[in-house]
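S.K.: Below is the structure I would like to discuss, written out as C-alpha coordinates.
The values are calculated or read from the model by the stated rules, or taken from the named source; none is laboratory data. Note that the structure is predicted; figures quoted are calculated from it, not measured. No Cβ is skipped: glycine too gets one built from the backbone with ideal geometry, and neighbour counts run over all protein chains shown. Each accessible area value is taken on the protein alone, full model and side chains, heavy atoms only, with ligands, DNA and RNA left out. Shrake-Rupley method; radii C 1.70, N 1.55, O 1.52, S 1.80 Å.
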Amino acid sequence: MFLYAEGDALPPKACTGHYPMGVLASIFYSDEVYEGIRGELKTVYLQDSRPWCLMFSTGKDSTTLLGLVWEMLWSVPEHQRIKPIHVITSDTKVETPQFSSFVKTTIQRIRIAAQEQGLPIYVHVAQPSLEHSFFYQCLGKGNPPPNERTRTRWCTDKLKIKATDRKVEEIRAQYVQNKPFELVPLDTDDYDMLMLLGVREEESSNRKRSIDKFAIDASKFARHAELPRVRVYHAIKYLTTDDVWTYILQKQTLPWGLDPFELYQFYRDSIGGECPMTQTDGKQSATCGGSRSGCWPCLYVGRYDQMLISMIDNGEESLKPLLRWKRTLYHLRNDIRYREPFRRADFKKIKGRLSSGQMTIIEGGECEKDRIVLGSLTHEARLAMFRYLLYIQQETGYQLIEEEEVQAILDCWREEGFTPTEIDPQPFMYDGALVLHPNGAINEKETTTRNPVFRFRLSYNGSQDEMVEALLQCRQTTGKHMFYRFVQGSIEFFVCEAGVKTEEDAKAVLKNWLDSALPFRMAI
(Lines give C-alpha, C1' and ligand atoms only; values in the text may rest on other atoms or scores of the structure.)
Protein backbone atom coordinates (compact mmCIF):
# COMPACT_ATOMS: atom_id res chain seq x y z
CA MET A 1 0.00 0.00 0.00
CA PHE A 2 1.40 3.38 -0.99
CA LEU A 3 0.37 6.93 -0.26
CA TYR A 4 1.43 9.59 -2.72
CA ALA A 5 1.93 13.11 -1.44
CA GLU A 6 3.67 16.18 -2.79
CA GLY A 7 7.39 15.63 -2.66
CA ASP A 8 7.12 11.85 -2.73
CA ALA A 9 8.18 9.77 -5.70
CA LEU A 10 5.31 9.71 -8.19
CA PRO A 11 4.51 7.28 -11.00
CA PRO A 12 6.56 7.74 -14.18
CA LYS A 13 4.11 10.09 -15.91
CA ALA A 14 4.02 12.47 -12.97
CA CYS A 15 7.82 12.44 -12.72
CA THR A 16 8.13 13.53 -16.35
CA GLY A 17 5.89 16.50 -15.75
CA HIS A 18 2.90 15.18 -17.69
CA TYR A 19 0.67 15.52 -14.66
CA PRO A 20 0.73 18.66 -12.46
CA MET A 21 2.31 18.14 -9.06
CA GLY A 22 -0.38 17.23 -6.58
CA VAL A 23 -2.71 15.43 -8.99
CA LEU A 24 -2.07 12.26 -7.04
CA ALA A 25 -1.58 14.09 -3.75
CA SER A 26 -4.34 12.26 -1.89
CA ILE A 27 -4.71 9.17 -4.07
CA PHE A 28 -4.13 5.92 -2.37
CA TYR A 29 -2.94 2.90 -4.28
CA SER A 30 -3.39 -0.75 -3.44
CA ASP A 31 -3.33 -3.39 -6.16
CA GLU A 32 -5.23 -5.74 -3.86
CA VAL A 33 -8.43 -3.86 -4.68
CA TYR A 34 -8.01 -4.38 -8.42
CA GLU A 35 -6.72 -7.93 -8.07
CA GLY A 36 -9.88 -8.82 -6.19
CA ILE A 37 -12.06 -7.47 -9.04
CA ARG A 38 -9.97 -9.25 -11.67
CA GLY A 39 -10.46 -12.46 -9.71
CA GLU A 40 -14.24 -11.97 -9.62
CA LEU A 41 -14.30 -11.22 -13.34
CA LYS A 42 -12.33 -14.38 -14.09
CA THR A 43 -14.69 -16.54 -12.03
CA VAL A 44 -17.74 -15.13 -13.82
CA TYR A 45 -16.05 -15.37 -17.23
CA LEU A 46 -15.24 -19.08 -16.83
CA GLN A 47 -18.52 -19.99 -15.20
CA ASP A 48 -20.55 -20.37 -18.40
CA SER A 49 -20.48 -19.73 -22.16
CA ARG A 50 -22.71 -16.68 -22.30
CA PRO A 51 -21.23 -13.78 -24.30
CA TRP A 52 -20.47 -10.49 -22.58
CA CYS A 53 -21.14 -6.95 -23.69
CA LEU A 54 -19.28 -4.08 -22.05
CA MET A 55 -20.64 -0.55 -22.34
CA PHE A 56 -17.74 1.80 -23.03
CA SER A 57 -17.94 5.61 -23.06
CA THR A 58 -14.16 6.35 -22.85
CA GLY A 59 -14.82 7.99 -19.48
CA LYS A 60 -12.87 7.17 -16.33
CA ASP A 61 -15.22 4.45 -15.06
CA SER A 62 -15.69 2.52 -18.29
CA THR A 63 -11.96 2.87 -19.00
CA THR A 64 -11.17 1.28 -15.63
CA LEU A 65 -13.69 -1.49 -16.22
CA LEU A 66 -12.34 -2.32 -19.68
CA GLY A 67 -8.78 -2.28 -18.36
CA LEU A 68 -9.60 -4.74 -15.57
CA VAL A 69 -11.46 -7.04 -17.98
CA TRP A 70 -8.57 -6.89 -20.43
CA GLU A 71 -6.04 -7.80 -17.72
CA MET A 72 -8.31 -10.60 -16.53
CA LEU A 73 -8.21 -12.11 -20.02
CA TRP A 74 -4.43 -12.13 -19.92
CA SER A 75 -4.64 -14.48 -16.94
CA VAL A 76 -7.01 -16.91 -18.65
CA PRO A 77 -5.35 -19.85 -20.49
CA GLU A 78 -5.67 -19.46 -24.25
CA HIS A 79 -7.78 -22.59 -24.67
CA GLN A 80 -10.32 -21.16 -22.19
CA ARG A 81 -10.20 -17.64 -23.61
CA ILE A 82 -12.98 -18.25 -26.11
CA LYS A 83 -16.05 -16.44 -24.78
CA PRO A 84 -16.58 -13.23 -26.78
CA ILE A 85 -16.64 -9.80 -25.14
CA HIS A 86 -18.44 -7.16 -27.19
CA VAL A 87 -17.39 -3.61 -26.37
CA ILE A 88 -20.20 -1.20 -27.27
CA THR A 89 -19.72 2.54 -27.45
CA SER A 90 -22.39 5.12 -28.21
CA ASP A 91 -22.12 7.69 -30.99
CA THR A 92 -24.94 10.23 -30.68
CA LYS A 93 -23.75 11.93 -33.90
CA VAL A 94 -23.78 15.27 -32.07
CA GLU A 95 -20.55 14.97 -30.11
CA THR A 96 -17.93 17.65 -30.70
CA PRO A 97 -15.69 16.85 -33.68
CA GLN A 98 -12.75 16.65 -31.26
CA PHE A 99 -14.50 14.12 -29.04
CA SER A 100 -15.65 12.06 -32.03
CA SER A 101 -12.06 11.93 -33.26
CA PHE A 102 -10.81 10.89 -29.82
CA VAL A 103 -13.40 8.10 -29.58
CA LYS A 104 -12.69 6.82 -33.10
CA THR A 105 -8.96 6.70 -32.36
CA THR A 106 -9.57 4.88 -29.07
CA ILE A 107 -11.92 2.36 -30.70
CA GLN A 108 -9.41 1.65 -33.44
CA ARG A 109 -6.70 1.07 -30.84
CA ILE A 110 -8.93 -1.42 -29.03
CA ARG A 111 -9.67 -3.32 -32.24
CA ILE A 112 -6.03 -3.56 -33.27
CA ALA A 113 -4.70 -4.39 -29.80
CA ALA A 114 -7.29 -7.13 -29.22
CA GLN A 115 -6.48 -8.74 -32.56
CA GLU A 116 -2.71 -8.55 -32.03
CA GLN A 117 -3.02 -10.01 -28.51
CA GLY A 118 -5.40 -12.75 -29.58
CA LEU A 119 -8.19 -11.62 -27.29
CA PRO A 120 -11.90 -12.25 -28.09
CA ILE A 121 -12.78 -8.55 -27.82
CA TYR A 122 -14.98 -7.03 -30.53
CA VAL A 123 -15.97 -3.37 -30.82
CA HIS A 124 -19.35 -2.02 -31.93
CA VAL A 125 -20.64 1.54 -32.33
CA ALA A 126 -24.30 2.19 -31.49
CA GLN A 127 -25.91 5.12 -33.31
CA PRO A 128 -29.46 6.41 -33.05
CA SER A 129 -31.81 5.53 -35.88
CA LEU A 130 -32.54 8.30 -38.37
CA GLU A 131 -35.92 9.11 -36.84
CA HIS A 132 -34.33 9.32 -33.37
CA SER A 133 -31.40 11.53 -34.36
CA PHE A 134 -31.08 14.91 -32.63
CA PHE A 135 -31.51 17.20 -35.63
CA TYR A 136 -34.40 15.18 -37.05
CA GLN A 137 -36.20 15.39 -33.72
CA CYS A 138 -35.36 19.05 -33.08
CA LEU A 139 -35.34 20.66 -36.55
CA GLY A 140 -37.46 18.11 -38.39
CA LYS A 141 -40.27 17.43 -35.94
CA GLY A 142 -39.79 20.57 -33.83
CA ASN A 143 -39.32 18.85 -30.46
CA PRO A 144 -37.73 21.46 -28.13
CA PRO A 145 -34.39 20.21 -26.75
CA PRO A 146 -34.45 19.66 -22.98
CA ASN A 147 -32.94 22.47 -20.93
CA GLU A 148 -31.85 22.73 -17.30
CA ARG A 149 -35.46 22.99 -16.11
CA THR A 150 -36.78 20.06 -18.15
CA ARG A 151 -38.00 17.14 -16.08
CA THR A 152 -37.58 14.50 -18.75
CA ARG A 153 -34.90 14.26 -21.43
CA TRP A 154 -36.14 12.73 -24.67
CA CYS A 155 -32.63 13.02 -26.11
CA THR A 156 -31.05 10.59 -23.63
CA ASP A 157 -33.59 7.93 -24.47
CA LYS A 158 -33.56 8.43 -28.23
CA LEU A 159 -29.87 9.13 -28.84
CA LYS A 160 -28.29 6.69 -26.39
CA ILE A 161 -30.55 4.25 -24.56
CA LYS A 162 -32.60 3.02 -27.51
CA ALA A 163 -29.51 2.89 -29.74
CA THR A 164 -27.42 0.83 -27.32
CA ASP A 165 -30.33 -1.43 -26.35
CA ARG A 166 -30.93 -2.15 -30.03
CA LYS A 167 -27.26 -3.00 -30.56
CA VAL A 168 -27.21 -5.28 -27.50
CA GLU A 169 -30.33 -7.06 -28.70
CA GLU A 170 -28.82 -7.55 -32.18
CA ILE A 171 -25.73 -9.18 -30.66
CA ARG A 172 -27.75 -11.31 -28.25
CA ALA A 173 -30.09 -12.55 -30.98
CA GLN A 174 -27.13 -13.56 -33.14
CA TYR A 175 -25.81 -15.92 -30.48
CA VAL A 176 -29.18 -17.32 -29.50
CA GLN A 177 -30.16 -18.06 -33.10
CA ASN A 178 -26.86 -19.01 -34.69
CA LYS A 179 -24.75 -20.24 -31.80
CA PRO A 180 -27.03 -22.02 -29.33
CA PHE A 181 -25.58 -23.00 -25.99
CA GLU A 182 -26.84 -24.40 -22.72
CA LEU A 183 -27.82 -21.78 -20.18
CA VAL A 184 -26.17 -22.13 -16.78
CA PRO A 185 -27.87 -19.46 -14.64
CA LEU A 186 -26.06 -17.74 -11.82
CA ASP A 187 -29.30 -17.76 -9.81
CA THR A 188 -32.87 -18.93 -10.32
CA ASP A 189 -33.31 -16.74 -13.40
CA ASP A 190 -31.81 -17.56 -16.76
CA TYR A 191 -30.51 -15.13 -19.37
CA ASP A 192 -28.62 -15.03 -22.66
CA MET A 193 -26.01 -12.30 -22.26
CA LEU A 194 -24.15 -10.53 -19.47
CA MET A 195 -23.81 -6.74 -19.67
CA LEU A 196 -20.93 -5.08 -17.81
CA LEU A 197 -21.55 -1.49 -16.73
CA GLY A 198 -18.92 0.81 -15.24
CA VAL A 199 -21.22 2.41 -12.67
CA ARG A 200 -20.40 3.01 -9.03
CA GLU A 201 -22.48 3.70 -5.94
CA GLU A 202 -20.25 6.62 -4.94
CA GLU A 203 -21.05 8.60 -8.10
CA SER A 204 -24.25 10.05 -6.66
CA SER A 205 -27.28 9.22 -4.57
CA ASN A 206 -29.34 9.00 -7.78
CA ARG A 207 -26.87 6.50 -9.21
CA LYS A 208 -27.03 4.40 -6.05
CA ARG A 209 -30.84 4.36 -6.17
CA SER A 210 -30.71 3.35 -9.83
CA ILE A 211 -28.34 0.48 -9.07
CA ASP A 212 -30.35 -0.70 -6.07
CA LYS A 213 -33.66 -0.57 -7.96
CA PHE A 214 -32.77 -3.54 -10.18
CA ALA A 215 -30.23 -5.25 -7.92
CA ILE A 216 -30.49 -8.99 -7.31
CA ASP A 217 -30.20 -9.45 -3.57
CA ALA A 218 -27.02 -7.75 -2.32
CA SER A 219 -24.81 -8.90 -5.18
CA LYS A 220 -23.21 -6.96 -8.01
CA PHE A 221 -25.75 -8.46 -10.41
CA ALA A 222 -28.95 -6.78 -11.50
CA ARG A 223 -31.82 -7.09 -13.93
CA HIS A 224 -31.82 -4.99 -17.09
CA ALA A 225 -34.57 -2.36 -17.13
CA GLU A 226 -35.64 -3.06 -20.74
CA LEU A 227 -34.02 -6.32 -21.89
CA PRO A 228 -35.31 -9.29 -19.88
CA ARG A 229 -32.83 -11.75 -21.43
CA VAL A 230 -29.82 -9.65 -20.40
CA ARG A 231 -28.24 -9.69 -16.95
CA VAL A 232 -26.24 -6.70 -15.69
CA TYR A 233 -22.96 -6.99 -13.79
CA HIS A 234 -21.62 -3.97 -11.84
CA ALA A 235 -18.04 -5.16 -11.43
CA ILE A 236 -16.67 -1.85 -10.06
CA LYS A 237 -19.76 -1.03 -8.03
CA TYR A 238 -17.86 -0.35 -4.79
CA LEU A 239 -14.79 1.46 -6.15
CA THR A 240 -14.26 5.06 -5.08
CA THR A 241 -13.30 7.87 -7.41
CA ASP A 242 -9.81 7.69 -5.89
CA ASP A 243 -9.65 3.99 -6.80
CA VAL A 244 -10.68 4.66 -10.40
CA TRP A 245 -8.18 7.45 -11.07
CA THR A 246 -5.41 5.59 -9.28
CA TYR A 247 -5.92 2.58 -11.53
CA ILE A 248 -5.62 4.78 -14.63
CA LEU A 249 -2.83 7.13 -13.60
CA GLN A 250 -0.42 4.59 -12.15
CA LYS A 251 -0.06 2.93 -15.55
CA GLN A 252 2.48 3.73 -18.24
CA THR A 253 0.04 2.58 -20.93
CA LEU A 254 -3.49 1.22 -20.84
CA PRO A 255 -3.81 -2.34 -22.20
CA TRP A 256 -4.98 -1.18 -25.65
CA GLY A 257 -2.07 1.21 -26.08
CA LEU A 258 -3.59 4.48 -24.85
CA ASP A 259 -1.30 6.78 -22.89
CA PRO A 260 -3.26 7.75 -19.73
CA PHE A 261 -2.01 11.29 -20.22
CA GLU A 262 -4.02 11.53 -23.46
CA LEU A 263 -7.17 10.72 -21.49
CA TYR A 264 -6.18 13.13 -18.74
CA GLN A 265 -5.35 15.95 -21.14
CA PHE A 266 -8.48 15.52 -23.24
CA TYR A 267 -10.88 15.78 -20.33
CA ARG A 268 -8.81 18.44 -18.62
CA ASP A 269 -9.08 20.70 -21.68
CA SER A 270 -12.83 20.10 -21.81
CA ILE A 271 -13.57 21.57 -18.38
CA GLY A 272 -11.69 24.82 -18.22
CA GLY A 273 -8.21 23.72 -17.26
CA GLU A 274 -9.28 22.22 -13.95
CA CYS A 275 -7.90 18.82 -13.11
CA PRO A 276 -10.67 16.25 -13.53
CA MET A 277 -8.81 13.75 -11.39
CA THR A 278 -8.45 15.41 -8.02
CA GLN A 279 -10.53 15.26 -4.89
CA THR A 280 -10.79 17.39 -1.79
CA ASP A 281 -11.09 15.73 1.59
CA GLY A 282 -12.47 12.58 0.02
CA LYS A 283 -15.23 14.47 -1.77
CA GLN A 284 -15.55 15.04 -5.48
CA SER A 285 -14.22 18.35 -6.68
CA ALA A 286 -16.46 20.81 -8.44
CA THR A 287 -15.27 19.53 -11.80
CA CYS A 288 -15.49 15.86 -11.00
CA GLY A 289 -18.35 14.32 -12.89
CA GLY A 290 -18.45 17.30 -15.22
CA SER A 291 -15.31 16.34 -17.07
CA ARG A 292 -16.99 14.24 -19.76
CA SER A 293 -17.56 15.79 -23.14
CA GLY A 294 -21.19 15.70 -24.12
CA CYS A 295 -23.40 16.50 -27.09
CA TRP A 296 -22.43 19.91 -28.35
CA PRO A 297 -26.03 21.17 -28.97
CA CYS A 298 -27.16 20.00 -25.50
CA LEU A 299 -29.10 22.67 -23.58
CA TYR A 300 -29.37 20.66 -20.37
CA VAL A 301 -26.18 22.26 -19.05
CA GLY A 302 -27.92 25.64 -19.02
CA ARG A 303 -27.21 29.03 -20.48
CA TYR A 304 -23.41 28.73 -20.27
CA ASP A 305 -21.81 25.65 -21.77
CA GLN A 306 -18.56 25.20 -19.89
CA MET A 307 -17.48 22.35 -22.18
CA LEU A 308 -17.43 24.39 -25.40
CA ILE A 309 -16.16 27.52 -23.65
CA SER A 310 -13.28 25.59 -22.10
CA MET A 311 -12.32 23.93 -25.35
CA ILE A 312 -12.33 27.31 -27.10
CA ASP A 313 -10.22 28.82 -24.30
CA ASN A 314 -7.79 25.93 -24.78
CA GLY A 315 -7.25 26.75 -28.44
CA GLU A 316 -10.20 25.17 -30.28
CA GLU A 317 -11.21 28.43 -31.98
CA SER A 318 -13.11 26.50 -34.67
CA LEU A 319 -15.82 25.68 -32.11
CA LYS A 320 -16.94 29.30 -31.76
CA PRO A 321 -19.62 29.03 -34.48
CA LEU A 322 -21.02 25.92 -32.75
CA LEU A 323 -21.25 27.84 -29.48
CA ARG A 324 -23.07 30.72 -31.19
CA TRP A 325 -25.56 28.31 -32.81
CA LYS A 326 -26.17 26.63 -29.48
CA ARG A 327 -26.72 29.90 -27.63
CA THR A 328 -29.23 30.97 -30.28
CA LEU A 329 -31.12 27.70 -29.85
CA TYR A 330 -31.08 28.15 -26.07
CA HIS A 331 -32.85 31.51 -26.25
CA LEU A 332 -35.09 30.68 -29.20
CA ARG A 333 -36.31 27.53 -27.44
CA ASN A 334 -38.38 29.55 -24.95
CA ASP A 335 -39.29 32.40 -27.31
CA ILE A 336 -43.09 32.36 -27.73
CA ARG A 337 -42.72 33.77 -31.25
CA TYR A 338 -41.03 30.52 -32.28
CA ARG A 339 -43.27 28.06 -30.43
CA GLU A 340 -46.62 26.62 -31.46
CA PRO A 341 -49.67 27.70 -29.43
CA PHE A 342 -50.59 24.03 -28.91
CA ARG A 343 -48.71 20.92 -27.94
CA ARG A 344 -48.33 18.49 -30.81
CA ALA A 345 -50.78 15.96 -29.35
CA ASP A 346 -53.34 18.68 -28.61
CA PHE A 347 -52.91 20.15 -32.10
CA LYS A 348 -53.65 16.77 -33.70
CA LYS A 349 -56.79 16.45 -31.57
CA ILE A 350 -57.88 19.97 -32.52
CA LYS A 351 -57.39 19.34 -36.25
CA GLY A 352 -59.26 16.04 -35.93
CA ARG A 353 -62.22 17.67 -34.23
CA LEU A 354 -62.22 20.48 -36.80
CA SER A 355 -62.39 18.06 -39.71
CA SER A 356 -65.17 16.08 -38.05
CA GLY A 357 -67.07 19.18 -36.94
CA GLN A 358 -66.96 18.11 -33.28
CA MET A 359 -64.89 21.00 -31.90
CA THR A 360 -67.07 23.14 -29.65
CA ILE A 361 -64.82 24.26 -26.78
CA ILE A 362 -61.11 25.06 -26.72
CA GLU A 363 -59.63 25.11 -23.24
CA GLY A 364 -57.49 28.17 -23.72
CA GLY A 365 -55.33 26.89 -26.60
CA GLU A 366 -51.83 27.64 -25.27
CA CYS A 367 -53.42 28.55 -21.94
CA GLU A 368 -53.81 25.59 -19.62
CA LYS A 369 -55.76 26.73 -16.55
CA ASP A 370 -54.36 30.21 -17.21
CA ARG A 371 -50.83 28.79 -17.47
CA ILE A 372 -48.84 28.99 -20.68
CA VAL A 373 -47.57 25.62 -21.89
CA LEU A 374 -45.63 26.00 -25.13
CA GLY A 375 -45.88 23.59 -28.04
CA SER A 376 -43.37 22.49 -30.67
CA LEU A 377 -40.87 24.74 -32.42
CA THR A 378 -42.55 26.54 -35.30
CA HIS A 379 -41.66 25.91 -38.92
CA GLU A 380 -40.04 29.35 -38.98
CA ALA A 381 -37.78 28.40 -36.07
CA ARG A 382 -36.87 25.05 -37.59
CA LEU A 383 -36.06 26.53 -40.98
CA ALA A 384 -33.97 29.36 -39.52
CA MET A 385 -31.91 27.03 -37.31
CA PHE A 386 -31.61 24.44 -40.10
CA ARG A 387 -30.17 27.00 -42.52
CA TYR A 388 -27.97 28.37 -39.74
CA LEU A 389 -26.65 24.84 -39.04
CA LEU A 390 -25.77 24.36 -42.71
CA TYR A 391 -24.06 27.74 -42.60
CA ILE A 392 -21.77 26.94 -39.64
CA GLN A 393 -21.07 23.52 -41.15
CA GLN A 394 -19.87 25.32 -44.27
CA GLU A 395 -17.99 27.88 -42.18
CA THR A 396 -16.12 25.36 -40.00
CA GLY A 397 -15.64 22.48 -42.44
CA TYR A 398 -17.00 20.05 -39.81
CA GLN A 399 -19.70 17.58 -40.83
CA LEU A 400 -22.34 18.47 -38.26
CA ILE A 401 -25.30 16.82 -39.99
CA GLU A 402 -25.33 13.92 -42.43
CA GLU A 403 -26.94 14.24 -45.85
CA GLU A 404 -29.50 11.51 -45.15
CA GLU A 405 -30.58 13.44 -42.06
CA VAL A 406 -30.97 16.59 -44.16
CA GLN A 407 -33.24 14.73 -46.57
CA ALA A 408 -35.22 13.19 -43.70
CA ILE A 409 -35.86 16.65 -42.24
CA LEU A 410 -37.10 17.96 -45.59
CA ASP A 411 -39.35 14.91 -45.99
CA CYS A 412 -40.74 15.49 -42.50
CA TRP A 413 -41.58 19.09 -43.39
CA ARG A 414 -43.31 18.04 -46.61
CA GLU A 415 -45.49 15.61 -44.69
CA GLU A 416 -46.58 18.52 -42.50
CA GLY A 417 -47.36 20.64 -45.55
CA PHE A 418 -44.35 22.90 -45.05
CA THR A 419 -42.31 23.40 -48.22
CA PRO A 420 -39.89 26.33 -47.90
CA THR A 421 -38.74 27.89 -51.15
CA GLU A 422 -35.15 28.30 -50.00
CA ILE A 423 -32.98 26.13 -47.75
CA ASP A 424 -29.52 27.38 -48.63
CA PRO A 425 -27.01 27.95 -45.78
CA GLN A 426 -27.58 31.30 -44.12
CA PRO A 427 -26.77 32.89 -40.75
CA PHE A 428 -29.68 33.66 -38.44
CA MET A 429 -30.01 37.29 -37.40
CA TYR A 430 -31.81 36.63 -34.13
CA ASP A 431 -33.14 39.65 -32.26
CA GLY A 432 -33.33 38.01 -28.83
CA ALA A 433 -36.03 36.09 -26.99
CA LEU A 434 -39.52 37.04 -25.85
CA VAL A 435 -40.23 34.82 -22.86
CA LEU A 436 -43.39 34.68 -20.76
CA HIS A 437 -43.97 33.46 -17.24
CA PRO A 438 -46.46 30.56 -16.93
CA ASN A 439 -49.14 33.09 -15.94
CA GLY A 440 -48.67 35.06 -19.16
CA ALA A 441 -46.62 37.95 -17.77
CA ILE A 442 -43.41 38.89 -19.55
CA ASN A 443 -40.36 37.23 -18.01
CA GLU A 444 -38.11 40.27 -17.75
CA LYS A 445 -35.10 38.22 -16.67
CA GLU A 446 -35.08 35.90 -19.68
CA THR A 447 -36.51 38.25 -22.30
CA THR A 448 -33.53 39.55 -24.27
CA THR A 449 -35.17 41.16 -27.31
CA ARG A 450 -34.91 44.94 -27.44
CA ASN A 451 -37.98 45.24 -29.62
CA PRO A 452 -41.08 46.58 -27.84
CA VAL A 453 -43.79 44.05 -27.01
CA PHE A 454 -47.43 44.81 -27.84
CA ARG A 455 -50.35 42.74 -26.54
CA PHE A 456 -53.84 42.85 -27.99
CA ARG A 457 -56.86 41.08 -26.56
CA LEU A 458 -59.58 40.73 -29.17
CA SER A 459 -63.21 39.80 -29.04
CA TYR A 460 -64.60 37.76 -31.92
CA ASN A 461 -67.83 36.58 -33.47
CA GLY A 462 -68.52 32.99 -34.30
CA SER A 463 -67.56 29.74 -32.59
CA GLN A 464 -64.13 28.90 -31.24
CA ASP A 465 -63.69 26.04 -33.70
CA GLU A 466 -64.18 28.53 -36.54
CA MET A 467 -61.65 30.82 -34.85
CA VAL A 468 -58.94 28.16 -34.66
CA GLU A 469 -59.50 27.12 -38.26
CA ALA A 470 -59.35 30.75 -39.41
CA LEU A 471 -56.08 31.35 -37.54
CA LEU A 472 -54.57 28.27 -39.13
CA GLN A 473 -55.58 29.67 -42.50
CA CYS A 474 -53.99 33.03 -41.67
CA ARG A 475 -50.74 31.30 -40.95
CA GLN A 476 -50.88 29.12 -44.03
CA THR A 477 -51.68 32.07 -46.29
CA THR A 478 -49.02 34.42 -44.92
CA GLY A 479 -46.40 31.82 -44.05
CA LYS A 480 -45.98 33.70 -40.78
CA HIS A 481 -46.52 32.54 -37.22
CA MET A 482 -48.36 34.75 -34.75
CA PHE A 483 -48.45 33.60 -31.14
CA TYR A 484 -51.89 33.69 -29.50
CA ARG A 485 -53.87 32.21 -26.65
CA PHE A 486 -57.52 32.06 -25.70
CA VAL A 487 -58.30 33.81 -22.43
CA GLN A 488 -61.78 34.10 -20.86
CA GLY A 489 -63.78 34.23 -24.05
CA SER A 490 -61.30 36.41 -25.93
CA ILE A 491 -58.07 35.86 -27.79
CA GLU A 492 -54.76 37.51 -26.96
CA PHE A 493 -52.06 38.19 -29.56
CA PHE A 494 -48.43 39.22 -29.06
CA VAL A 495 -46.65 41.42 -31.62
CA CYS A 496 -42.89 41.88 -31.26
CA GLU A 497 -40.66 42.22 -34.30
CA ALA A 498 -37.99 44.39 -35.81
CA GLY A 499 -39.23 47.69 -37.21
CA VAL A 500 -42.45 47.71 -35.17
CA LYS A 501 -41.92 50.58 -32.75
CA THR A 502 -45.41 51.94 -32.05
CA GLU A 503 -48.78 50.49 -31.11
CA GLU A 504 -50.22 51.67 -34.41
CA ASP A 505 -47.50 49.79 -36.29
CA ALA A 506 -48.25 46.68 -34.26
CA LYS A 507 -51.98 46.96 -34.95
CA ALA A 508 -51.28 47.23 -38.66
CA VAL A 509 -49.10 44.08 -38.57
CA LEU A 510 -51.78 42.12 -36.74
CA LYS A 511 -54.61 43.42 -38.93
CA ASN A 512 -52.78 42.47 -42.14
CA TRP A 513 -52.17 39.00 -40.79
CA LEU A 514 -55.79 38.49 -39.72
CA ASP A 515 -57.25 39.99 -42.91
CA SER A 516 -55.34 37.46 -45.01
CA ALA A 517 -57.85 34.70 -44.35
CA LEU A 518 -60.18 35.62 -41.48
CA PRO A 519 -63.77 34.95 -42.56
CA PHE A 520 -65.34 37.33 -40.05
CA ARG A 521 -64.61 40.72 -38.52
CA MET A 522 -62.61 41.25 -35.34
CA ALA A 523 -62.40 44.47 -33.40
CA ILE A 524 -58.78 45.44 -32.73
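S.K.: Could you list which residues have their amide H under 5 Å from that of Met55, counting only those 5 or more apart in sequence or on another chain, with H placed in the peptide plane?
M.R.: Those qualifying (amide H under 5 Å, at least 5 residues apart or on another chain) are Ile88, Leu196, Gly198.
S.K.: Take the Cβ-Cβ distance between Glu380 and Val453 as r, set R0 to 25 Å, and report the resulting FRET efficiency rounded to the nearest 0.05.
M.R.: Efficiency, rounded to the nearest 0.05: 0.90.
S.K.: Not counting ligands, DNA or RNA, and with a 1.4 Å probe, what is Tyr388's accessible surface area in Å² rounded to the nearest 10?
M.R.: 20
S.K.: Follow-up. Give Lys141/Lys507; Lys141/Lys162; Lys158/Lys445; Lys83/Lys220 a once-over and call out the pairs whose C-alpha atoms are over 23 Å from each other.
M.R.: Lys141/Lys507; Lys158/Lys445
S.K.: Would you mind getting me the FRET efficiency between Thr396 and Gln252? Use the beta-carbon distance for r and R0 = 51 Å, nearest 0.05.
M.R.: 0.90
S.K.: For Ile442, what residues show an amide H to amide H distance below 5 Å, using hydrogens built from the backbone and excluding near sequence neighbours?
M.R.: So Ile442 has HN proximity to His437.
S.K.: Moving on. So who's got an amide H within less than 5 Å of the one on Val487, skipping anything under 5 residues away but keeping other chains? H placed 1.01 Å off N, in plane.
M.R.: Amide H neighbours of Val487: Glu492.
S.K.: How far is it, in nm, from the label point at Thr502 to the one at Asp190 when both lie 7 Å from their Cα along the line to the Cβ?
M.R.: 8.4
S.K.: For region 428-524, what does the relative contact order come out to in percent, with C-alpha contacts under 8 Å and a separation of six or more?
M.R.: Over region 428-524, the number comes to 33 percent.
S.K.: Can you tally the net charge around Val103? Count Lys and Arg as +1, Asp and Glu as -1, for every other residue whose Cβ sits under 9 Å from the Cβ of Val103.
M.R.: Surrounding charge for Val103 is -1.
S.K.: Report the one residue of Trp70, Leu119, Val103 whose Cα lies farthest in the direction of the positive end of the charge dipole of region 66-168 (charges on C-beta: Lys and Arg +1, Asp and Glu -1; origin at the Cα centre).
M.R.: Checking the options against the dipole of region 66-168, the answer is Val103.
S.K.: Another question, if that's okay. Set the Förster radius R0 to 25 Å, insert the Cβ-Cβ distance between Asn314 and Ser57 as r into 1/(1 + (r/R0)^6), and round the FRET efficiency to 0.05.
M.R.: 0.70
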